[in-house]
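Asks: Starting off with a structure, shown below.
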Amino acid sequence: MPDASTASVSPTANIGVVGLAVMGSNLARNLASREGNTVAVFNRSYEKTETLVTEHPEAGFVPASTYEEFAAALQKPRTAIIMVKAGGPTDAVIDELMRVFEPGDIIIDGGNSLFTDTIRREKAVREAGFNFVGMGVSGGEEGALLGPSLMPGGPDEAWVTLGPILRSIAAVAEGEPCVTHVGHDGAGHFVKMVHNGIEYADMQLIAEAYDLIRRGTGKTPAEIADVFAEWNRGELESYLIEITAEVLRQNDAATGRPLVDVIVDEAGAKGTGAWTVQTALDLGVPVSGIAEATFARSLSSHREQRDVSGALPGPSDDAFTVPDADAFIEQVRLALYASKIVAYSQGFDEIRAGAAQYGWTIDLGAISRIWRGGCIIRAQFLNRIADAYAAEPELPVLLSAPYFVEALGRAQAAWRDIVQIAAGAGIPAPAFSSSLAYYDGLRAERLPAALIQGQRDFFGAHTYRRTDKPGTFHTLWSGDRTEIEAEDTH
Ligand code: 6PG
């Protein structure tokens, strides 16, 4: 361990940033712009550090060309935020920081790391005597610079030092900074993962709404931009609706066509949506809206499979035009709102299940409040979620809160019409339809799961429970078909 007192740099910085690509640079500039912060910066290639420092003299950065200098520049407990690519690069930086830091110092990973990696890292770093915080950062490049939504996990001890610094840089929504200590070890990255899963669902629902309106009314992208701009003045008000209008209004300079018609229709994904679904499968939480959104991106990007499209028969009447465009658009709006409620409800269910599984205490109301500003899914609607958890913290399922029951009741007829219209016209609306199926699944007094239990018992003696008495039973299917009491095999 180096002796910081002998290094040439004096410890003037209260926070450091490692990794100066766009997100790291912007976060560093955000930190530097807040009263009381002096920011040490380090990047693997020093050139990037120099460029940042030269381009932003106002920030008063303390540049470091080695990890030793970086450690020497930081006041104790040293606090450093890592903003590098998730995975191997994060592990490599953690190792370097542990080499030059001292016990009690705080290492924060602000990348989109998988929460199970964060749990592993937190344990290893803690055992070496340091504090480790996995922190979700949402809001893209602009959020990092002007105010992101921050989802830190990690130990309480680190939060004492980190809390005031993070509060100073987070977005502010209705007077409150969009940051809370989410829970221990991987809780912050878990919540950020689900945030991204909800982001996928929200984006897919918006895309389905756009597609239905375009194909049903023949409106141009610019005209549909007006529809979204209008929606953004009501209960759907959100960042994603707002930017949808911007994207749809954009014309391509080279061809003069709407940009959306020039972009290849294959959606990319960096993996956080898939993680949300994989984790939900492990936890047994039906996040069907998020799953459909993730699969819809996969389907779009399998060009070789989509090339068979001409061979697959569609509805006999391919010309799909709705009789009343305004009425149809209102139905789509309601279907979008209802499906969005389902997606968020499923996401919050996953957070609750994750907390139970991993032993975190997560305040769901606080999560909805820190998502009101700074992040990609920021929306007026999150206030309603916050209200719902404030009224009933142990709400078994978010969509059963009175506000959402009313909204779903108001929307459901239109929602059903839209799903039927889409199916009839051969327009894929997987997120709309799976959300409706989920809703009807919750509503159903009896589900055909009883038949599945019968089938399971038939071929595998998996047993079933009866509606009229306690215990576990098996029918002797290959014998005389009488019923016996049996051990529960699930
Ligand atoms: C955010 C975003 C951000 C990023 C994701 C999206 O909250 O700021 O979610 O994390 O945009 O990487 O990932 P995909 O590339 O998978 O869409």
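The values are calculated or read from the model by the stated rules, or taken from the named source; none is laboratory data. Everything numeric here is computed off the predicted structure, so don't read it as measured data. Every residue, glycine among them, receives a Cβ derived from its backbone with ideal geometry; neighbour counts consider all protein chains shown.
Asks: Go through LEU166, LEU205 for me and flag whichever is more than 23 Å from ILE119 (Cβ to Cβ) and in contact with a Leu (Cβ under 7 Å, 6 or more places away or on another chain).
Replies: Within the list LEU166, LEU205, the selection yields LEU205.
Asks: Within the range 63-75, which residues are of a type outside the set (Gly, Ala, Ser), in a strand (DSSP E or B) and more than 19 Å from THR161 (Cα to Cα)?
Replies: The answer is PRO63, and nothing else.
Asks: Kindly provide the set of residues from the range 446-482 that are part of a helix (DSSP H, G or I) and in contact with an Asp or Glu (Cβ under 9 Å, 6 or more places away or on another chain), ordered by number. So that I can check it myself, show each step before the final result.
Replies: First, pick out the residues of the range 446-482 that are part of a helix (DSSP H, G or I): 449-460.
Answer for the range 446-482, where residues must be part of a helix (DSSP H, G or I) and in contact with an Asp or Glu (Cβ under 9 Å, 6 or more places away or on another chain): there is none.
Asks: Of the residues in the range 401-412, how many are out of contact with any helix residue (DSSP H, G or I) (no Cβ under 6 Å at 6 or more places or on another chain) and touching a residue at least 24 places away in the same chain (Cβ under 8 Å)? Talk me through it step by step, then tell me what you get.
Replies: Our first condition is that a residue be out of contact with any helix residue (DSSP H, G or I) (no Cβ under 6 Å at 6 or more places or on another chain); within the range 401-412, this holds for 402, 405-407, 409-410, 412.
So of that shortlist, the ones also touching a residue at least 24 places away in the same chain (Cβ under 8 Å) come out as 407, 410, 412.
Count: 3.
Asks: Where in the range 137-219 are there helices (runs of 4 or more DSSP H), lying wholly inside it, with at least 3 residues that are within 16 Å of the ligand (Cβ to nearest atom)?
Replies: Details: elements: 140-146, 156-169, 187-217.
Where helices (runs of 4 or more DSSP H) fall fully within the range 137-219 and carry at least 3 residues being within 16 Å of the ligand (Cβ to nearest atom), they are 140-146, 187-217.
Asks: May I ask you to verify whether LYS192 is more than 18 Å from the chain's Cα centre (by Cα) and among the basic types (Lys, Arg)? Lay out the reasoning, then the answer.
Replies: Details: more than 18 Å from the chain's Cα centre (by Cα): no; among the basic types (Lys, Arg): yes.
Considered against the rule, which asks whether it is more than 18 Å from the chain's Cα centre (by Cα) and among the basic types (Lys, Arg), LYS192 comes out as no.
Asks: Here's another thing I want to ask about it. Collect the residues in the range 220-252 that are part of a loop (DSSP other than H, G, I, E, B) and either in contact with a strand residue (DSSP E or B) (Cβ under 9 Å, 6 or more places away or on another chain) or β-branched (Val, Ile, Thr) (or both), keeping them in residue-number order.
Replies: Start the filter on the range 220-252 by keeping residues that are part of a loop (DSSP other than H, G, I, E, B), which leaves 220, 232-237, 250, 252.
Matches in the range 220-252: THR220, ASN232, LEU236, GLU237, GLN250, ASP252.
Asks: Return a yes/no flag: does the range 282-305 have any residue that is outside any loop (DSSP other than H, G, I, E, B) and within 17 Å of PHE115 (Cα to Cα).
Replies: Checked against the condition, which is being outside any loop (DSSP other than H, G, I, E, B) and within 17 Å of PHE115 (Cα to Cα), the range 282-305 yields at least one hit.
Asks: Name every residue in the range 31-62 that is surrounded by 15 or more Cβ atoms within 10 Å (Cβ to Cβ), β-branched (Val, Ile, Thr) and not in a loop (DSSP other than H, G, I, E, B), in order of residue number.
Replies: Across the range 31-62, the qualifying residues are VAL39, VAL41, THR49, VAL53, VAL62.
Asks: Yes or no: TRP231 hydrophobic (A, V, I, L, M, F, W, C) and either within 16 Å of the ligand (Cβ to nearest atom) or at pLDDT below 95 (or both)?
Replies: Here the answer is no, as TRP231 does not meet what is asked.
Asks: Give the residues of the range 153-189 that are in contact with an Asp or Glu (Cβ under 8 Å, 6 or more places away or on another chain) and under 18 Å from ALA13 (Cβ atoms), sorted by residue number.
Replies: Of everything in the range 153-189, just one residue is in contact with an Asp or Glu (Cβ under 8 Å, 6 or more places away or on another chain) and under 18 Å from ALA13 (Cβ atoms), namely SER168.
Asks: While we're here: Return yes when VAL262 is hydrophobic (A, V, I, L, M, F, W, C), out of contact with any helix residue (DSSP H, G or I) (no Cβ under 9 Å at 6 or more places or on another chain) and either closer than 22 Å to ASP117 by Cα or without any contact (Cβ under 8 Å) to a residue 12 or more places away in the chain (or both) and no when it is not. So that I can check it myself, show each step before the final result.
Replies: Working: hydrophobic (A, V, I, L, M, F, W, C): yes; out of contact with any helix residue (DSSP H, G or I) (no Cβ under 9 Å at 6 or more places or on another chain): yes; either closer than 22 Å to ASP117 by Cα or without any contact (Cβ under 8 Å) to a residue 12 or more places away in the chain (or both): yes.
Criteria met by VAL262.
Asks: Right, something else. Here is a list: VAL322, VAL260. Which entry is assigned to a loop (DSSP other than H, G, I, E, B) and closer than 25 Å to ALA222 by Cβ?
Replies: Checking each option against the conditions leaves just VAL322.
Asks: To continue, here is another question. Residues being within 16 Å of the ligand (Cβ to nearest atom), of a type in the set (S, T, N, Q) and either buried (at least 23 other Cβ atoms within 10 Å of the Cβ) or more than 19 Å from the chain's Cα centre (by Cα) (or both): count how many of those fall in the range 79-126.
Replies: Going through the range 79-126 one residue at a time, the tally reaches 3.
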